[in-house]
Every structure is written in structure tokens, then in C-alpha cells.
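A quick write-up on the structure given underneath.
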Amino acid sequence: MQEQIRSIFEAPLGDRPAASRIRHIAVVGNALPRRCGLATFTSHVVDALRARFPTLAVDHYAMDDGSGVAYPADVHTIAADDPAAYRLAAGLIEASGAQAIWLQHEFGIFGGEAGRHVLDLIERSTLPIVATLHTVLERPSAAERAPFEALLRRASHLIVMAERGRRILQDVYGVEPERIAVIPHGVPDREHADPAAAKARLGLTAGKIVMTFGLLAPDKGIDVMIEAMPSIVSDHPDCCYLVIGATHPNLVREQGEALREALMARAEALGVASHIRFVDSFLDQDELLDQLEACDVYVTPYLNMAQITSGTLSYAVGLGKPVVSTPYLHAAEILADGHGVLVPPRDAAALAAAVSGLLRDDKARHALACRAYALGRRLLWPRAVERALNLIGMAVEAEAEAEPGERRRTGPFAMKRVPLPLHLGALRRMTDATGLLQHGIHSVPDRNHGYCIDDNARALILTCRIEKGDRQLLDQLATTYAAFVHHGWNPARGRFRNFMGYDRRWCEEEGSEDSNGRTLWALGCAAAHGADPGLRGWATALFDEALPLARALVSPRARAFAALGAAERLSADPGHAASCAVLRDVAEGLAALLAATRRPDWTWFEPVLAYDNARLPEALLRAGTALCDRALVEAGLETLAWLGRIQTGTAGVFRPVGTDSFHRPYASPLPYDQQPLEAQATIDACIAAVAATGDRQWTDLAWRAYGWFTGDNDLGLPLAQASDGGCFDGLMPHGVNRNQGAESILALQLANVAMISLSTNLDARKTRDAA
């Protein structure tokens, strides 16, 4: 057993300098003043880290169970029952610059079945995670096991507070030994106090005091100790049993104070009520330690023998208290080898004999107190957080040494400025005689979700923008997409339908504003750039018929899409008055939104970020160029520059506004999930800026956005599939979404076409300049 104690308190965690490299961490658990053991532990961990490492930035995140607890201003709360709150927290931690997350895990704290909502946080973060496991179940239910094992797989290292926890992790869950560290519960640093002097300071009786503290609950075994009190009082008439702690809040919500009242009634029935004092308070740490110093014997008669940690037991040992306890896992380890007295659970006679024996033998009690205090010196909070931070440092170092693609990016690649070859294999795979299917399961078209006019409109734009290639194939594809768009027009409503099932039945009579705006854009593009005269004639007629709907659009993006269509129409027919009017109306509306919404640090049209963001500045740039309005161009450049800055990751790579960022007023963007649509929109907007200014900075930003497709991104992973022109659906915290839907494939191919055009134009300009 001595060897086991040594392994717990002296096990090395590698070179100590690992901790010195950590500048910023996030600690996730609970927080005071919430009344629970994990709240106390997490708050004390945060306090200990800040005291021991003054230059370390520690962000404290706590679960909020909706009970109305008022948390300190420096505690970030996570709504325990809201999965979106966990995802938001992951993004905020990522954006904060934290290098790692130290998670405090306990069953019953996190929302969802068996606490599975916490997976929404850890699976959304790319940071190394070190998890302290406050309970390790030897026989978990299926519901408990699944999320717990997911946490075990995700964490870089695992901390338990007892050797038994290590063995359960290895034997039951198959965790590698090198990933587990035993770091005992920390304790505060106090001088070893004489109980008599402490009693005098507090004005307590000079008689013997036996104590238990902590939240009152049925599994604490207080009823067994009350059953033992008649025998103890018989031997020690001056003895008082002090029970400190409020009833557990969950128990109060369910049954009020029935447990406390039942215990008091039993004490009355046994004739020992005058020797038992209940202190119904949740004391702060200093008050609690003052009371603990005054006790002669501390008891933890707990009934759950699987309990792997007890903060109250650790504190009692840390202050040098003689302890009598049942042999639950934590007590069996920490009180071994003469550091305490163990008695069987639910055995009032054995409990009475052990307590009476210590109260009777001053010499034995004092010797036990000294041994406990000596052990407690090795449990102090500074020592505990030093070992934990060193473990965190090792996790961060291991992540930094991982191969590219297995970790976050630490710097940009030196990307060659050469666009990928245009390849329509993936587009053809997703297209049938009806049109372009929406979604893919990996690379297989998913017929369950049918078609949408959004994607067919994008595909029509692509076929019209490709200047070189298999003309017969391109015309065939363009005709297919145009036929879908035409069939989507509902003249009775003056709107386009959007969604169609695989059975070719429309799912609605009119589609969303965005789908209508985007379809106008596609028609304007086809009218101006369609290779076939018949296609151009059809697009021109339908564009003119549908253009009045642009006036009714409210969504800024839908209006921007319509404006881009009007700009395309004007490029082919500069005298088209209706397009000119739409372009002016939309551009002035966007300028008004910008004026009303902007702040010193927020140069944007809305108080929130969403999807396809760069289309808004692009619409201003195209409008300003077409209308010869420099003010509109300047507004477009200013907003695009701002968007470019916030779409830059810490390593300098292009970082699209993540989907977790949507609809967060005046908040910095969160990194995930990143979608191809954003990179492609940024490229188009930059090309509009180049056309308006000739400034090279926009060319640089366009290449940076294009690099996102080829692996110059936060994870160093390519999304583009050069072999067939496919593109993965997005970049998530731990890799790519390997599905390949129409939107993603089109985003890549439209980006390819745009960058080929940009490169060609720049080469031509260089040739002219050289001449």
C-alpha cells in the first residue's frame, strides 16, 4: 500500500517545463455560488491556478442549470440543457486564444441523456482536452457508457483522483495507461491547529466534537452515525455531533427538507437530539475550515462504496483531522497505512466503537492527526495544479508535434498561385435528366432530398462562365439547368419555386427570398454570357418577366443576389432601365443598412454575420461600377476589407465565418463549421474589387480564399478533389465533412473558373505593361 500511495502522490509527469509554455487555458465545469461539490472543486481549481501561475490566463466556464444562481462576472455560463450553448462555448474558447481545455466531468452536471450534451463542446473544439473524471463507473448503463467513452477517446489525457479510478479506466474502458494520471483532490494550506484553541476562537463547547460536512443527501450515511450516537454519548457525555451543510438542491426541489426532518426526528427518538447539531448552511471555504479545525474526529460514513473522490475527506486530511470512514474507494486509498480508521458501511456499532476509541485515547488521536496532516502536505492545491498544468502542457506539445492534418494549423502554407484544372466529373455525377440533385452521401447522389432551384441556378451560372471546354457537354448541362429553372417559375405567384422531390413534384408554390434572388442572378448571367443564342433569348425573356419580384425582396442577401443579376443584365444591355433601377434601389438600401448598423469595430450591414457574406460588398462594388457611383464602390471596398480581416485565422490563413457564428449580434466570428460557399463568395467579391481598383491586395485576398480549398486552412486539409472536381461539404473542428453536395462542388468549380479568369487577366496586363 505504501507503494500505491507513492504512485499517487509522487508519480512523475515528464519534464516540468511543459507547464511553463502554457499561457492561456479554459476550465470547464461548475462554479460557486452553485451548491454542489463540482462547483466548489472547479472554483478552487481556478483560484489555485491563478494564485500559483499569476501570468496564466484562466477562463472559467460553468454549467447553468437554470436554477437562478447569480454567477460572478468572470464566469462564462453554458445553459446546461441547450446543445447550441455548448457549441457556442466551444467556438468562444477557440476564438479566445486558449491553448487547451481542462474539463471537469461528473455525471448529472451536463445536459442531455447521461450528460451527452458535453460532446457538443468537445467535438466542436480543435484544442487539446484534459479531463478530470470525478466519477468512473465500473458498471455503466448503455446510455452512460456511450458519451463517456466518446469523452475518453477525445481527451488527450485523463485525470483521476484515486488509483482505483486508473484501474477501472484500463480494465473496463481499455484506456492506455500512459494517458491516465492520478492527481489527488487538492486541499488548502493551513497550519495544524489545536482543536481546543479553535473551539475557543469560535465560542464552541469545550466538549468533544465529531463532525461531518457537505451537502446533505441520503447516501451520506448520516442516519448511521445518528444510530451510533447513543453509544458514543454513553462513553462521552460531552460529545456533540456537528452536521454542517445545506440539503442538496436537487433533493430540496424534489422533497423539500424531508431528509433533514427525518434525521432530526430519529435523533429525538434515540434521545440524542441535544448532542446533535445541524448547521443548515452552505459555508464559504474559510468559515468551513474554521469549523473543521475545531473538530476532534471527522467522520464520512458514506454508503456508496464506488465513490472515487470526496472533497470533504481530502479537506479533513489536509487539516490533520483524525478520520473514521467507511471504505469507499477514495477513503480506502487515502486512509490506508494508518492515516485513518475504516469501518464497514451501515455498521453503527463499528462506527461507534471507532469514534469512541479515538475520543478516549488522546495519544492515539493526536498521533493519527499528525500522520494525516503530514499526508495532507502532499495534497496542497499548488502541487495539484502544478501537476495538472504540466499534463496540459504535455498535451499541447504533443498536438504541436503531430503530423499536418492531425492538428490545427500553426502557419500558412506557401501556396502556388495556380488554379486547379477545371473538371466537371463530380457535377455530371450529381446531374440527371431532371436537374442537379442537392446532396451527396460521400460521393453518391442522395435522391432522398431531391432538387432545389438554388443549386440549379448556381449550376447555370457556372456553365455560362466557362469560356473554354467541351462545348457540347456545357450546352447540354446548361439546357438541363435552364429547363429546371423555367419549370420552377410560378407566374400565378410571380415567384420561383425552390424544392422538388425526386418524384418531380414541387414541394411548395414559392421558394425562399434567397432562392428567388439567386435565380434572378442566374437568369441575368445567362442573358449576358450564355454561349447559345437560344439560351440567351430564353434567359432575357424570363429575367424581364420575373424582375419585378426584386422590388418585394426584404432579405439583404436576396436583394444582393438580385442586384448581381441586374448588373449582369446591364453588362449586356447598358440601357436596360429596369435593371438599372433595381441596381440603384438595392445598392442604396445596402448603403443605408451599413450607415444604420456600423460601429467603430463593426463595418457591416447587419448586427450579425450569416452565410454568403461577401455577396453584400460584391453587390455594392458591381453596382458602383455599373452606375459610375464612387461612393458605392468605396462602401463595398470598406466592408470587404473588414470582412477580409475577420476572416483571417490566427495563423494567417483564410478562415470563413463559421456556421456557429450566425445570428450573434456584434460578436466576433467563430471558426466552425467552415463552408465552401464563403470562400467562393469572397473570391468573387475580390475580383469585383480588382475590376474597380486594380489594387493587388484584392488579388492576394482572392488567392488566400482559394487556398482554403486546397489545404491552406486551419486544419491543413484539402477540400478540393482534383481528380473529378468534387469538393467536401465543409471543414469541421476535427476534419472535413466528407459528403459532397451540389453547393460545395459548384463553389469549387466557380472558384476555379474565377481564378483562371483572374490569372489570365493578370497575365494579359503584365504583357501589356511589358510592351
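Couple of notes before you dig in:
- Dipole magnitude of the chain, debye to nearest 20 (Cβ charges: Lys/Arg +1, Asp/Glu -1, about Cα centre): 1160
- Modelled FRET efficiency - R0 56 Å, A552 with V418, Cβ distances, 0.05 increments: 0.80
- Angle between the chain longest axis and helix 676-693 axis [Cα atoms, degrees, rounded to 10]: 50
- Counting only Cα atoms, the size of the range 44-135 along its three principal axes is 38, 30, 26 Å, in decreasing order.
- Inter-label distance, nm, simple model (7 Å from Cα along the C-beta direction), R378/A57: 3.7
- Separation of alpha-carbon centers, the range 292-320 and the range 183-252, rounded to whole Å: 9
- Cut-off under 5 Å, modelled amide H: who pairs with W489 long-range: R497
- Note on surface exposure: H423, H486 rank H486, H423 by accessible area, highest first, 1.4 Å probe.
- Debye equation applied to the C-alpha atoms of the range 501-640, log10 I(q)/I(0) at 0.21 Å⁻¹: -1.21
- Other residues whose C-beta falls under 14 angstrom from the C-beta of G376 contribute a net charge of +3, scoring Lys and Arg +1 and Asp and Glu -1.
- Rg ratio (alpha-carbon, reference 2.2 N^0.38 Å) - the range 132-224: 1.60
- Computed [θ] at 222 nm, deg cm²/dmol, the chain (DSSP H ≥ 4; -39,500 (n - 2.57); rounded to nearest 500): -15500 deg cm²/dmol
- Shape of the range 594-654, Cα gyration tensor, a/c cut at 1.5: prolate
- A Förster distance of 22 Å, applied to the separation of the beta-carbon atoms of A70 and S96, puts the FRET efficiency at 0.40.
- Annotation for the range 448-491 versus the range 545-616: alpha-carbon center distance of 23 Å.
- On Cα atoms only, tilt of 381-400 relative to the major axis of the chain in degrees: 30
- Helix 742-770 axis, angle to the chain major axis (alpha carbon atoms, nearest 10°): 60
- Dimensionless Rg over Rh [the range 426-481; C-alpha; Kirkwood]: 0.97
- Gain on full extension, evaluated as 0.36 nm per residue between R139 and T648 minus their Cα-Cα distance, stands at 178.5 nm.
- Relative to the current alpha-carbon distance between C370 and R277, full extension at 0.36 nm per residue lengthens the span by 30.8 nm.
- Each of R630 and C507 was given a label point 7 Å from its Cα along the Cα-to-Cβ line. The distance between the two points is 4.9 nm.
- Ordered by 1.4 Å accessible area with all protein chains kept, H734, H60, H275 run largest first as H734, H275, H60.
- Label-to-label distance, A262 versus K468, with points set 7 angstrom from Cα along the beta-carbon direction: 8.5 nm.
- Computed with every protein chain present, the accessible area of H76 is close to 80 Å² [probe 1.4 Å].
- Summing charges over all other residues whose Cβ lies under 10 Å from the Cβ of H157, with Lys and Arg as +1 and Asp and Glu as -1, gives 0.
- Extension gain, D700 back to A306 (0.36 nm per residue minus Cα-Cα distance, nm): 135.8 nm
- Carbon/sulfur fraction of accessible area - the chain, other protein chains in place, 1.4 Å, %: 52
- The chain: antiparallel DSSP beta bridges as a percent of all, rounded to 5: 30
- Label zone of A531 (point 7 Å out along Cα→Cβ, amide N under 20 Å): in the range 712-726 this covers 724-726.
- Solvent exposure ordering (accessible area, 1.4 Å, most first) of S310, S571, S443: S571, S443, S310
- Sites A336 and R493 - FRET efficiency at Förster radius 60 Å, r taken between beta-carbons, to 0.05: 0.15
- Relative contact order (percent, whole number), the chain, Cα cutoff 8 Å, 6+ residue spacing: 10
- Three-way shape label, the range 99-181, alpha-carbon gyration tensor, a/c 1.5: oblate
The values are calculated or read from the model by the stated rules, or taken from the named source; none is laboratory data. These figures come from a predicted structure and were not determined experimentally. Because the Cβ atoms are built from the backbone with ideal geometry, glycine has one as well, and the counts that use them run over all protein chains shown. When the accessible area is computed, the model is the full protein with side chains, heavy atoms only, and any ligands, DNA or RNA have been set aside. Shrake-Rupley method; radii C 1.70, N 1.55, O 1.52, S 1.80 Å.
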